[in-house]
Amino acid sequence: MKNYKQIFDELKKEMGKVIVGQEDAMEQILIAILCDGNALLEGYPGLAKTLMVRTLAQLMDLKFSRIQNTPDLMPSDITGTYIIEEVSGKRQFKFQPGPIFANVVLADEINRATPKTQSALLEAMQEKQVTVGTNTFKLDLPFFVLATQNPIEQEGTYPLPEAQADRFLLKISVNYPSYEDELQIVDKYAAEAKDQKLKVMLNKNHLLTLQSLVRQVPIANDIKQRAVKIIYSTRSNKEVIQYGASPRASIGLLLASKARALMQGRNHVSSEDLNLLAYPILRHRIILNFEAERKGMSRDDAIKQILDKTK
Amino acid sequence: MQTREAAKMKPFQNVVREINKTLNEMILFENIVNTTLVFLVFYLILTVLDITALFALIPALAYLGFYSYMSFRSYKPSIVESKYAPLREKLSTAADNAGMENPVVQELQYEVTSEMRNVGLSMFINPRTLSYKIFAVMALSFLIIFTSTLNIKFLEFARQKVPDIFEGPKGVGNFAAVKLNTSDDIYGKEDVAKLGDNELNIRIKPVDFKVNVREEGDTNPQKFESTFPKDLAVKETVAYEENIPQEQQELVKNYFKKLAEG
């Protein structure tokens, strides 16, 4: 297990050549990838969300594509479409794959796409396949959708429906860097531009092996019970939460905890994993009630309250 | 990877079983010491209150039953983890997944088994607490002996006296048989029955004893009276004689003679 920790430490070190700070966000993106899940990155513009995902794809030698969501983006712009092609004097339809046919898909500003286009991503995220017309195309594995959205400029946006938000394993908050980190960022990028040569740390096969290894990480019964209790409490705690998380969140919390354990070089899940990952797992899966919002509680405050109660 | 070494180890289920067995024994020992303490405390209290002291068994057995049940039900790996921090969350995870077979679990089991070598029995026994308890048991035992010997009772409950049958029944039905019978034929003379302040000098001879002729010395010659007492007299026996006439005797004689001749 120590070897795996070394791999991830090296990976983070390489990412650190490009990204300054944002260690938590980077770790959580890696967790989502190890769990074969999708992640929603939320943060203000200019916080290197896109750069982070692109760098990660580079380090893992994965095919990367980016979709810039706009209100006029059509589903076929994502999935691909049939085009007429002339082959030896005959015209025939040929499927032209869209940007979804990649290993890492960055759906930038997903909340700017229409619900119809957003839902086109649903099948790809959940089933790892795309249906165009009557044909279904399997996507190349591993496949992740890493979507971004910013919490401001909500005018003219289409907030993700709960059903779609639930399909993201984690909602990762990308916060502003600290003063020291920002100084480093300025030094790095305001000076003469030079290309950072990144070393490929993992390939597809390594990643698939790691994904299967994550599920083998054992978990103690009491920790498992606590994970379920945390998710269950979101449904029973009517004082602050109007709608709680689904059992999919329980599965997600356990898997994400296992992935974190593997990244830390541990061969068992710790209670600390639950405490840290409950936030990105539940953030987009709970809806606060009026009373909680009146008190000015955030979703993270509600999650903290639940974690304290289930200790 | 350590899987080859792990394969040489005994199955992890056996390790878990051993942990459970050892801890159960220790818990039982501790519970017995505690139960003894509880028993002695209650015994002492009941003794000084002049209540049947054996009732102390009830709280003692209740304590033993309750705490043994709770202790045996408790999850033993957690107890070990609480005493040895490097095993925290590891042992319980390995124990809960003892039946699983994959490289990660095997590595964890190997790691836990290696760490278990550092866990000593002394971690589960607090010698200071145990010595205090044993000292308390000794102190309580001595206290009980002293209170019993000196007959110390802080609160003596009124005991019901045995009814004096010589005073006769008080307002209870017809108990004529219980009344004092002063007749001489059963109790003898009353003044003889009453001992008063007189001292009794009774010597009880053992049942089995041997007479040593040498120690006993010469026997005293017994004096026998040569004459019978006056009130004894010899009387002649009176035989019964039938008064049958001679001719009738002859007649009977002849009759039997004829019968004999046939």
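Surface listing: B:Met116, B:Met100 arranged by accessible area from highest to lowest gives B:Met100, B:Met116, probe 1.4 Å.
Among the listed pairs B:Lys21/B:Lys133; A:Lys116/A:Lys258; A:Lys2/B:Lys76; A:Lys128/A:Lys188; A:Lys138/A:Lys171, which have their C-alpha atoms separated by more than 32 angstrom in this model? Don't skip to the end; give the middle numbers.
Numbers: B:Lys21/B:Lys133 24 Å; A:Lys116/A:Lys258 34 Å; A:Lys2/B:Lys76 28 Å; A:Lys128/A:Lys188 38 Å; A:Lys138/A:Lys171 26 Å.
Too far apart for the 32 Å limit: A:Lys116/A:Lys258; A:Lys128/A:Lys188.
Peptides B:128-135, A:45-52, ordered by how many other C-beta atoms sit within 10 Å of their residues on average, highest first, read A:45-52, B:128-135.
In the stretch A:1-119, taking the dipole from charged Cβ atoms about the Cα centre, the farthest positive-side position among A:Phe8, A:Gly89, A:Leu56 is held by A:Gly89.
Indicate the gyration tensor shape class of the stretch B:1-111 (rounded, prolate or oblate), computed on the Cα atoms with a ≥ b ≥ c the square roots of the eigenvalues: a/c under 1.5 is rounded; otherwise a/b larger than b/c is prolate and the rest oblate.
On the way: a/c = 4.59, a/b = 4.09, b/c = 1.12.
Prolate, because a/c is 1.5 or more and a/b exceeds b/c.
Heavy-atom accessible area for A:Asp140, with the other protein chains in place and a 1.4 Å probe, reaches approximately 80 Å².
Give me the one-decimal Kirkwood hydrodynamic radius in Å for the stretch A:1-157, with the sum taken over alpha-carbon pairs. Each step should come with its number before you reach the end.
Working: mean 1/r = 0.0590 Å⁻¹.
Radius from the Kirkwood sum: 16.9 Å.
With K and R counted +1 and D and E -1, the other residues having a Cβ less than 14 Å from that of A:Met52 yield a net charge of -2. For the segment A:268-281, counting C-beta atoms of other chains within 10 Å of every residue's C-beta and taking the mean gives 2. Shielding by partners for peptide A:284-290, expressed as the average number of C-beta atoms from other protein chains within 10 Å of each residue's C-beta, is 0.
Accessible surface buried by the A/B pair amounts to about 1200 Å², both sides summed, 1.4 Å probe. When the Cα positions of A:Leu208, A:Phe168, A:Thr234 are compared along the charge dipole of the stretch A:126-268, A:Leu208 comes out farthest toward the positive end, with charges on each C-beta of Lys, Arg, Asp and Glu.
Rounded to the nearest percent, how much of the accessible area of the stretch A:1-127 (1.4 Å probe, protein heavy atoms only) is carbon and sulfur? Working shown, then result.
On the way: 2770 of 5570 Å².
After summing per-atom areas, the C and S share lands at 50 percent.
Counting only protein chain heavy atoms and rolling a 1.4 Å probe, the accessible areas of A:His268, A:His206 rank, largest first, as A:His206, A:His268.
Write down the Kirkwood hydrodynamic radius of the stretch A:72-225, to one decimal in angstroms, obtained as one divided by the mean of 1/r over all alpha carbon pairs.
Values: mean 1/r = 0.0514 Å⁻¹.
Kirkwood radius, the stretch A:72-225: 19.5 Å.
The accessible area of A:Glu85, taken with all protein chains in place and a 1.4 Å probe, comes to roughly 60 Å².
In debye, nearest 20, what is the charge dipole magnitude of the stretch A:107-173 about its Cα centre with +1 on Lys and Arg Cβ and -1 on Asp and Glu Cβ, if you could check?
Result for the stretch A:107-173 is approximately 200 debye, rounded to the nearest 20.
Going from the isolated chain to the complete set of protein chains, the stretch A:208-233 loses at least 10 Å² of heavy-atom accessible area (1.4 Å probe) at A:Leu213, A:Gln216, A:Pro218, A:Ile219, A:Ala220, A:Asn221, A:Asp222, A:Ile223.
Taking the square roots of 5 times each eigenvalue of the Cα gyration tensor of the stretch B:44-107, largest first, gives ellipsoid semi-axes of 46, 12, 5 Å. Global dimensions of the stretch A:1-60 from alpha-carbon coordinates: Rg and Dmax equal 11.5, 37 Å.
Using heavy atoms of the protein chains and a probe of 1.4 Å, the accessible area assigned to B:Tyr75 is about 90 Å². Mind jotting down the distance between the C-alpha centroids of the stretch A:161-193 and the stretch A:264-311, whole Å? That distance is 20 Å.
With coordinates expressed along the principal axes, the C-alpha atoms belonging to the stretch B:74-128 extend over 44, 23, 14 Å, beginning with the largest. In terms of accessible area, using a 1.4 Å probe and ignoring ligands and nucleic acids, A:Arg226, B:Arg73 rank largest first as B:Arg73, A:Arg226. Here the stretch A:27-173 is assigned +1 on the Cβ of each Lys and Arg and -1 on the Cβ of each Asp and Glu. Its dipole about the Cα centre then comes out at about 420 debye.
Return the Rg/Rh value of the stretch A:234-311, two decimal places, where both radii are evaluated on C-alpha atoms and Rh is the Kirkwood radius. Show your work: numbers first, answer last.
On the way: Rg = 13.3 Å, Rh = 13.0 Å.
Using only Cα positions, Rg/Rh for the stretch A:234-311 is 1.02.
Model label points for B:Phe66 and B:Lys21, set 7 angstrom from Cα along the Cα-to-Cβ axis, are 3.2 nm apart.
Which number do you get for Rg(Cα) / (2.2 N^0.38 Å) in the stretch A:107-165?
Numbers: Rg = 12.7 Å, N = 59, 2.2 N^0.38 = 10.4 Å.
Against the empirical 2.2 N^0.38 Å value, I get 1.23 for the stretch A:107-165.
In terms of Cα atoms, the Rg and Dmax of the stretch A:37-95 work out to 17.2, 52 Å. Rg ratio for chain A: its Cα radius of gyration over 2.2 N^0.38 Å, N being its residue count, equals 1.05.
Using a probe of 1.4 angstrom and keeping all protein chains present, the accessible surface of the stretch B:67-137 works out to 55 square angstrom per residue.
Our analysis of the stretch A:159-311 gives Rg over Rh at 1.06, with the two radii drawn from alpha carbon positions and Rh computed by the Kirkwood formula.
Just the number: Rg to Rh for the stretch A:126-217, Cα atoms, Kirkwood Rh, two decimals. Display every interim value, and only then the final one.
Working: Rg = 19.3 Å, Rh = 18.3 Å.
In the stretch A:126-217, Rg relative to Rh is 1.06.
The ellipsoid equivalent to the alpha-carbon distribution of the stretch A:197-275 has semi-axes of 30, 15, 11 angstrom, derived from the gyration tensor eigenvalues as √(5λ) and listed largest first.
Per-residue shielding of B:101-107, expressed as the average number of other chain Cβ atoms within 10 Å of the residue Cβ, stands at 5.
The values are calculated or read from the model by the stated rules, or taken from the named source; none is laboratory data. Because the structure is predicted, anything quoted here is derived from the model rather than measured. So basically every Cβ, Gly included, is an ideal-geometry build from the backbone, and we count neighbours across all protein chains shown. For accessibility, only protein heavy atoms count, side chains too; no ligands or nucleic acids. Shrake-Rupley method; radii C 1.70, N 1.55, O 1.52, S 1.80 Å.
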